[in-house]
Amino acid sequence: MATVKVVESELVFPGEETPNHRLWLSNLDIMHALKLPTPLLYVYYPNGDSDFFNVAALKLGLSKALVPYYPLAGRLNKGPDGRLEIDCNSKGALFVVAHSETCIDEFGDFLPSPEMRRLLTPSIPVDDPAVLLMVQVTFFKGGEVILGLAWNHVVGDGVSLNSFMTSWCKMTQGITELGNPPIHDRTILRARSRPKVTFDHVGNQLPTQIHSAQSPTTCSIFKLTKSQLAFLRKNNKFSTFDVVGAHVWRCVCIARGLGRDQEARLNFPIDARGHLRPPLPNSYFGNVVCRLVVVATVDDIISNPIDFTAHKIRGEIKKVNDEYVRSYIDHLEVSTKKKLMLTPAERNTTESTMLPKDSSNSSPSCEPESIAPQTQDNFLLTPSKMDFGVVSWLGFPFSGTDFGWGKPKILRRANISHGCYAYAMDSLVNDGEVLVPVLLETENMERFKKAFSEQLSMHSVERMEKPRSKY
């Protein structure tokens, strides 16, 4: 059993005076408010430097990075109207240092799990539940270091996370020129004064209830080699995400044994910055994510070539333009009369009574992993076996998270704690490979593993036997 001992825990504050104000949150931010922080692990191996992962340097770099990214040092709170907002009060980010006499190899492939999250990322402080950024640096006896990050999704999406991490890395190395400063004005994404919903945003609304019960789930990591991906993408009209999403969705339908006449739903988020007019730059710090939903019969998903499903995914993405994003925001504005008005402190007092008494994804030694709204419209949560989600981290510059001691060799979510869905992410070790962590019902995982392998072979047969797809 791996053991980790915390030896230091303190708050790191911005190194300079920062603006003190209340930051308005858009509907695209608030839709994440019922989730507990996203737990990420960056695994680094020693490079021979005697000062490898110097804690003082990391703290100094963080304090400098918190100046331009000052909302991360604030706290989530309610405004006078009861709407959630960030109180930019410079209360700081939590920084934890831990040591372990465990051999890092005992963690194997770093499969996401509640135990991984408990050991390698900070827990939400009972006396400071509204903290937005928490970091844990764990040193292992072999010299390896794991940087565990707990990121409140209300603050920003994956693009924003990468922007901040890149800046922290540069500041730690003494590089002060950051390029374009982060944009913090989120009123750019305010709903229109007269909301106008012009698209059917199926399966999307702001969450208003708390629910966390789910079937026992298991996480496994799958690999797609460069040659396998090239074969899946024979039709170059489709992106890597299109074909990976199509392949995974087909395997899920097979593993679950769904009826051929049933309708299945695949949901996935996309970064909408480039779809707005004018486009929002990557320096916009916040959430600019829309969730898309593809619906098809199980028979169509399983019986047709992979191009059929990839075409449906690509077609849904092509719908997204400036009006679609504005309509999406307006839809969130009008879809519920009572928007989410729940602070972390209120959430923590509620969640202990909402967790199932017997759950494979709960741990008595740490706070609950997630709080999911009791609605079929919850973002990225999957309420039935007709639903599955895929998140794309493809193309994210995670390998650039270099504090001056080398790039991480492994990146993982510490835990995938709610719903059933998969991540598609570039391998940090083997160029051109894609890793796919999948969380699925335990009872269906072995069938999924079999289908994942067998369907790759079937795709090959489809390519050879069938004429070029019209898609």
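Table for the structure above
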{"quantity": "So G432, is it outside any helix (DSSP H, G or I), modelled with pLDDT under 95 and either closer than 26 Å to W168 by Cα or open to solvent by 10 Å² or more (accessible area, probe 1.4 Å) (or both)", "calculated": "yes"}
{"quantity": "Odd one out for V97, checked against (1) over 22 Å from the mean Cα position of the chain (by Cα); (2) part of a loop (DSSP other than H, G, I, E, B)", "calculated": "(2)"}
{"quantity": "Residue in region 53-62 that is surrounded by fewer than 22 Cβ atoms within 10 Å (Cβ to Cβ) and under 19 Å from the mean Cα position of the chain (by Cα) present", "calculated": "no"}
{"quantity": "Filter result (over 28 Å from the mean Cα position of the chain (by Cα) and open to solvent by 60 Å² or more (accessible area, probe 1.4 Å)) within region 3-18", "calculated": "V7, E16, E17"}
{"quantity": "Selection from region 101-156 of residues that are touching a helix residue (DSSP H, G or I) at 6+ places or on another chain (Cβ under 8 Å) and in a helix (DSSP H, G or I)", "calculated": "F107, M116"}
{"quantity": "Residue count for region 125-153, restricted to those that are closer than 21 Å to Y69 by Cα and open to solvent by 20 Å² or more (accessible area, probe 1.4 Å)", "calculated": "3"}
{"quantity": "Output for region 162-203, where each listed residue is of a type in the set (A, V, I, L, M, F, W, C) and open to solvent by less than 10 Å² (accessible area, probe 1.4 Å)", "calculated": "F164, M165, W168, C169, L189"}
{"quantity": "Count of region 263-284 residues which are in a strand (DSSP E or B) and open to solvent by less than 50 Å² (accessible area, probe 1.4 Å)", "calculated": "7"}
{"quantity": "Any hit, region 235-247, residues being among the aromatic types (F, W, Y), farther than 30 Å from L23 by Cα, in contact (Cβ under 8 Å) with a residue 40 or more places away in the chain and open to solvent by 10 Å² or more (accessible area, probe 1.4 Å)", "calculated": "yes"}
{"quantity": "Region 85-94: number of residues that are touching a Lys or Arg at 6+ places or on another chain (Cβ under 6 Å) and outside any loop (DSSP other than H, G, I, E, B)", "calculated": "2"}
{"quantity": "Selection within region 303-318 - open to solvent by less than 40 Å² (accessible area, probe 1.4 Å) and over 14 Å from F388 (Cβ atoms)", "calculated": "P305, I306, D307, F308, A310, G315, E316, I317"}
{"quantity": "Selection status of D87, acidic (D, E) and closer than 30 Å to V325 by Cα", "calculated": "yes"}
{"quantity": "Qualifying residue in region 24-36 (condition: farther than 28 Å from I270 by Cβ, open to solvent by less than 20 Å² (accessible area, probe 1.4 Å) and not in a strand (DSSP E or B))", "calculated": "no"}
{"quantity": "Selected residue (only one of R314, R250, R256 is in contact with an Asp or Glu (Cβ under 7 Å, 6 or more places away or on another chain) and more than 30 Å from L84 (Cα to Cα))", "calculated": "R314"}
{"quantity": "Selection status of R447, over 12 Å from F222 (Cβ atoms), among the basic types (K, R) and either free of Cβ contacts under 8 Å to residues at least 40 places away in the same chain or surrounded by fewer than 18 Cβ atoms within 10 Å (Cβ to Cβ) (or both)", "calculated": "yes"}
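Yes/no matrix, rows are residues, columns are (1) closer than 30 Å to R190 by Cα; (2) in a loop (DSSP other than H, G, I, E, B); (3) touching a Phe, Trp or Tyr at 6+ places or on another chain (Cβ under 9 Å):
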{"position": "V252", "(1), (2), (3)": "no, no, yes"}
{"position": "D261", "(1), (2), (3)": "no, yes, no"}
{"position": "G286", "(1), (2), (3)": "yes, yes, no"}
{"position": "V295", "(1), (2), (3)": "yes, no, no"}
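The values are calculated or read from the model by the stated rules, or taken from the named source; none is laboratory data. The structure displayed is predicted, hence computed values, not measured ones. Note that we place each Cβ from the backbone using ideal geometry, even for glycine, and neighbour counts take in every protein chain shown. Protein only, heavy atoms only, side chains kept; ligands, DNA and RNA dropped before computing areas. Shrake-Rupley method; radii C 1.70, N 1.55, O 1.52, S 1.80 Å.
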